[in-house]
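Below is one structure; the comments refer to it alone.
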Amino acid sequence: MSKLYSETFGTGKPIVLVHGWAMHSGIWRGFAQQLARHYQVTCIDLPAHGRSRDAINRVSTPFTLENVSDALVNALPDKPSCWLGWSLGATIVLDIAQRYPERVSSLILLAGNPLFVSTEQWAGVNPTVLDVFAANLMTNCQATLLRFLALQVNGLPDSKALLKDLKTAIMEYPAPDNDSLQGGLNILKHTDLRAVLAQLTIPVSVILGDKDTLVPVAVGQQMQQLLVQLELTILERAGHVPFLSHAQQLLTLICHFMDKPCL
């Protein structure tokens, strides 16, 4: 297995950005360069994604949560960092915080949560949405990915421009193979890290959009009940991609959380 592709910008406190399902580290580029004015920012591709498309053997190393977390930790310098996970990335950084606590100084969960799907007691996304994605991937991968992108900006006033930006970013590199895409959906559907979140002793920030159709805003209060000391922020008129739609607000929030004011 070859090493995962990553890019690092800036100097200062280290922060690692972990992207979401079907994406790649290039999705962060503009935002990461702004954040790098204040911190050392590393953007890394998940295995089989972006420029790490060939960085995992799908036969001997399937796309599971443990394998993905291990690959990310092994690809980066052995030092504690703030890990920011977006969507699926939030699930991954929670797993890293549980299994590699010496590598995680703080967590930022962006449009993500410890249990992605809904239950009678939890306000996640309807699991049938993920089932439909999984089925449609088998017949038309590109159309399925485009539908997923549309969901991320659904209902936002600038949805057309945001969707164009997302399409441009995701088409920069070939899509991950079907096994890896299905693996990512399996992680989202079957992973429950609520107990992990509840036991964290490091600083945790949760940032959600009030118009997010994939991570209902109600889940924020439920996370705060699990971990009273976490910092919860709800961005108004934001969907699933606040680093594109609300970049300046997000920068300010991250800087505040990292104890360095953005000027």
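Taking segment 1-26 as the range and being under 15 Å from His49 (Cβ atoms) and assigned to a loop (DSSP other than H, G, I, E, B) as the test, the residues that pass are Met1, Ser2, Lys3, Leu4, Tyr5, His19, Gly20, Trp21, Ala22, Met23, His24. So the check is Cβ under 7 Å with 6+ separation or different chains; which pairs have a first residue in segment 71-90 that's touching a residue at least 12 places away in the same chain (Cβ under 8 Å) and a second one that's surrounded by fewer than 24 Cβ atoms within 10 Å (Cβ to Cβ) and acidic (Asp, Glu)? Every condition considered, the pairs that remain are Pro80/Glu102. For segment 133-168, taking the residues that are of a type in the set (Val, Ile, Thr) and surrounded by 13 or more Cβ atoms within 10 Å (Cβ to Cβ), the one that is nearest to Pro242 (Cα to Cα) is identified as Val153. Please determine, by comparing only the residues of segment 25-48 that are within 13 Å of Asp177 (Cα to Cα) and either among the charged types (D, E, K, R) or touching a Gly at 6+ places or on another chain (Cβ under 9 Å) (or both), which one is modelled with the highest pLDDT. Restricting to residues being within 13 Å of Asp177 (Cα to Cα) and either among the charged types (D, E, K, R) or touching a Gly at 6+ places or on another chain (Cβ under 9 Å) (or both), the top hit is Leu46.
So, in segment 188-205, exactly how many residues are assigned to a helix (DSSP H, G or I) and surrounded by 15 or more Cβ atoms within 10 Å (Cβ to Cβ)?
Number satisfying all stated conditions: 5.
Going through Leu214, Leu208, Leu185 one at a time, which residue ends up being in a helix (DSSP H, G or I) and either over 26 Å from Asp259 (Cβ atoms) or in contact with a Gly (Cβ under 8 Å, 6 or more places away or on another chain) (or both)? Unique residue meeting the criteria: Leu185.
The values are calculated or read from the model by the stated rules, or taken from the named source; none is laboratory data. As the structure is a prediction and not an experimental result, all values here were calculated from the model. Cβ coordinates were reconstructed from backbone atoms using ideal geometry, including for glycine residues, and neighbour counts include every protein chain displayed.
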